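The values are calculated or read from the model by the stated rules, or taken from the named source; none is laboratory data. These numbers come from a predicted model, not from an experiment. Virtual Cβ from ideal backbone geometry, glycine too; neighbours counted across all protein chains shown.
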Amino acid sequence: MTKPSLPSCVMSLAAFMLYIPRAQAYIDPGIAYGLIQAAFALLFGGAVAWVLRPWTYLKGLFRAKPADDKAASSSSQGHSGEGKSR
């Protein structure tokens with residue numbers, strides 16, 4: 001038995017999704033408030049992320065580097081005997 005290829009699986013899934021029988025569902029009137037709440041959460045969450053992203057960047061510029069980072073950066077600059085021959 002051969003394995004079905006990806007395009008045939010996608011096509012059969014698309015055909016299955018396009019066939020929609022009569023919907024037997026009830027949409028609650030409260031769904032509108034849920035959608036509005038989701039929209040506000042997306043809007044204000046994005047605004048908070050937009051405001052705080054530059055703030056953390058600016059705080060990082062003025063924060064002192066730990067002593068371990070300073071020692072590691074000075075030892076990795078080529079002071080181990082390898083250097084320019086001129």
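One table, with the values for the structure above:
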item: Close pairs (9 angstrom Cβ cut-off, 6 or more residues apart or separate chains): of a type in the set (Gly, Ala, Ser) in the stretch 28-48, not in a helix (DSSP H, G or I) anywhere; result: GLY34/ASP28
item: Residue check, TYR26 out of contact with any Leu (no Cβ under 7 Å at 6 or more places or on another chain), among the aromatic types (Phe, Trp, Tyr) and modelled with pLDDT under 85; result: yes
item: Search result, residues across the stretch 15-32 that are within 32 Å of the chain's Cα centre (by Cα) and either surrounded by 10 or more Cβ atoms within 10 Å (Cβ to Cβ) or among the aliphatic types (A, V, I, L, M) (or both); result: ALA15, MET17, LEU18, ILE27, ILE31, ALA32
item: Flag for ALA72 being surrounded by 10 or more Cβ atoms within 10 Å (Cβ to Cβ), at pLDDT below 75 and aliphatic (A, V, I, L, M); result: yes
